[in-house]
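A short worksheet on the structure shown next.
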Amino acid sequence: MQLNKKSLLELRKLSIEELAKYYKEQRKEAIEGKIPLSEKSIRIRNKIHQLLLQIVIIDRLFSHETVTVLKDERVKNNHPKVFACTHIGGNDIQRTFEAIKDPAYLFLGDPQELYRNLEGLLLYLNGVICLETRDKIDRGIAKKRSIELLEKGGNLLIYPEGAWNISPNLPVMKLYKGAVNIAVKTKADLIPIAIEQIENHFYVSIGKNIITSDMENIDTNLLNQTLRDAMATEKWHIWESVGVYSRDVVKDQTVDNYQQSIVKKCSYNFTLEDVLETMYKDPNEISYDEVFAPIKKLHLHKN
């Protein structure tokens with residue numbers, strides 16, 4: 001099956017919204033036409049990965065940033081890997097790639113401007129599985145492609161929180177189950193990773209493999225919680241290693257400033273509301289804002 005592709009000139013004339021729709025339709029046509037993920041392209045991308053890492057390092061140096069791997073407890077084996085990392089925004093994807101070193105496709109939601117800029121081109125060369133997070137069909141296609149990738153010997157880097165962590169009190173937010181489901185389906189190892197940024201310094205902690213191929217009768221809900229706990233353990237390791245703020249320097253506006261600083265790190269138009277919308281929402285839990293929302297609508301009367 002031949003996809004109905006546009007020329008580069010035609011693509012340059014499209015808006016970001018039109019580009020997103022175009023590429024989403026391309027992914028749908030490819031999966032419906034049973035066009036497979038090429039094993040040859042996976043091998044080629046694995047080979048050029050080290051070259052791309054050098055570009056990432058050069059970019060980091062020009063950005064005056066550092067990255068320190070505080071711990072790496074991975075066990076080497078021939079299993080496919082699902083690298084599951086915490087999400088903080090900014091340049092955390094580039095710094096994660098530099099920390100893990102191994103080649104891996106990126107599971108990327110809502111690419112936006114990345115469809116037409118240099119960073120997007122580098123991600124394409126590295127290997128990337130894109131999706132529009134608000135589209136159920138596109139999410140399903142991305143999951144199928146991820147499973148296909150792992151079954152053909154590739155690795156996957158995914159941020160299962162689904163959004164930048166802007167929580168004032170959670171080391172790791174609740175996780176979407178995609179990473180766990182993909183790993184269980186392909187008997188891949190889950191690798192818990194935490195990343196933190198303090199000013200221009202990135203710190204990474206990599207935990208032990210969670211080996212799904214040894215598990216029987218897997219409860220994916222329990223495994224998802226195990227992964228979240230492991231990621232939180234790595235986040236705590238970073239905080240204990242590089243220090244934390246003392247309580248007396250935490251002011252009333254600290255949370256707001258922290259949340260706004262995460263959004264400002266983004267190089268494209270992504271708002272705090274967008275972050276909140278893409279976060280995982282447990283249907284069994286009610287948020288603080290939802291509980292007190294009716295009170296804000298009350299109008300006091302003297303009687």
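The values are calculated or read from the model by the stated rules, or taken from the named source; none is laboratory data. Since this is a predicted model, take the numbers as computed values, not measurements. With ideal geometry, Cβ positions are generated from the backbone for all residues, glycine too; neighbour counts draw on all protein chains shown. Keep in mind that these areas ignore ligands, DNA and RNA; they rest on the heavy atoms of the full protein, side chains included. Shrake-Rupley method; radii C 1.70, N 1.55, O 1.52, S 1.80 Å.
Points to keep in mind about this one:
- Within region 166-206, the set of residues being in a loop (DSSP other than H, G, I, E, B), within 13 Å of Met231 (Cα to Cα) and not hydrophobic (A, V, I, L, M, F, W, C) comprises Pro171, Lys174.
- Count of residues meeting criterion [in a helix (DSSP H, G or I) and open to solvent by less than 20 Å² (accessible area, probe 1.4 Å)] in region 121-144: 4
- Where a residue in region 60-86 is within 23 Å of Thr186 (Cα to Cα) and its partner, wherever it lies, is among the basic types (Lys, Arg) and assigned to a loop (DSSP other than H, G, I, E, B), with Cβ under 9 Å and at least six apart: Glu73/Lys208; Arg74/Lys208; Val75/Lys208; His79/Lys187; Pro80/Lys152; Pro80/Lys187; Lys81/Arg74
- Criterion (at pLDDT 80 or above, open to solvent by 50 Å² or more (accessible area, probe 1.4 Å) and not small (Gly, Ala, Ser)) met by exactly one of Glu290, Glu277, Glu216, Glu273: Glu216
- Candidates are the residues of region 145-169 that are within 17 Å of the chain's Cα centre (by Cα) and open to solvent by 30 Å² or more (accessible area, probe 1.4 Å); the one that is farthest from Glu32 (Cα to Cα) is Gly162.
- Any hit, region 48-55, residues being more than 21 Å from the chain's Cα centre (by Cα) and over 23 Å from Asn155 (Cβ atoms): no
- Taking residues in region 93-104 that are among the hydroxyl-bearing types (Ser, Thr, Tyr), and partners anywhere that are open to solvent by less than 10 Å² (accessible area, probe 1.4 Å), the pairs with Cβ atoms closer than 9 Å and at least 6 places apart or on different chains are Thr96/Phe83; Thr96/Cys85; Thr96/Leu157; Thr96/Ile193; Thr96/Ile195; Thr96/Phe202; Thr96/Val204.
The rows are residues; the columns are (1) in contact with a Phe, Trp or Tyr (Cβ under 6 Å, 6 or more places away or on another chain); (2) open to solvent by less than 50 Å² (accessible area, probe 1.4 Å); (3) not polar (S, T, N, Q).
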| position | (1), (2), (3) |
| --- | --- |
| Ile16 | no, yes, yes |
| Asn46 | no, no, no |
| Asn78 | no, no, no |
| Lys81 | no, yes, yes |
| Ala84 | no, yes, yes |
| His87 | yes, yes, yes |
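- For region 93-105, the criterion of a residue being over 20 Å from Val69 (Cα atoms), open to solvent by less than 40 Å² (accessible area, probe 1.4 Å) and aromatic (Phe, Trp, Tyr) is satisfied by at least one position.
- Among (1) out of contact with any Leu (no Cβ under 7 Å at 6 or more places or on another chain); (2) open to solvent by 60 Å² or more (accessible area, probe 1.4 Å) - the single one Arg116 does not satisfy: (1)
- Residues located in region 18-43, provided they are open to solvent by 40 Å² or more (accessible area, probe 1.4 Å), over 23 Å from Lys81 (Cα atoms), in a helix (DSSP H, G or I) and without any contact (Cβ under 8 Å) to a residue 60 or more places away in the chain: Glu18, Lys21, Glu25, Glu29, Glu32
- Just one of the numbered conditions (1) outside any strand (DSSP E or B); (2) at pLDDT 95 or above is not true of Asn46: (2).
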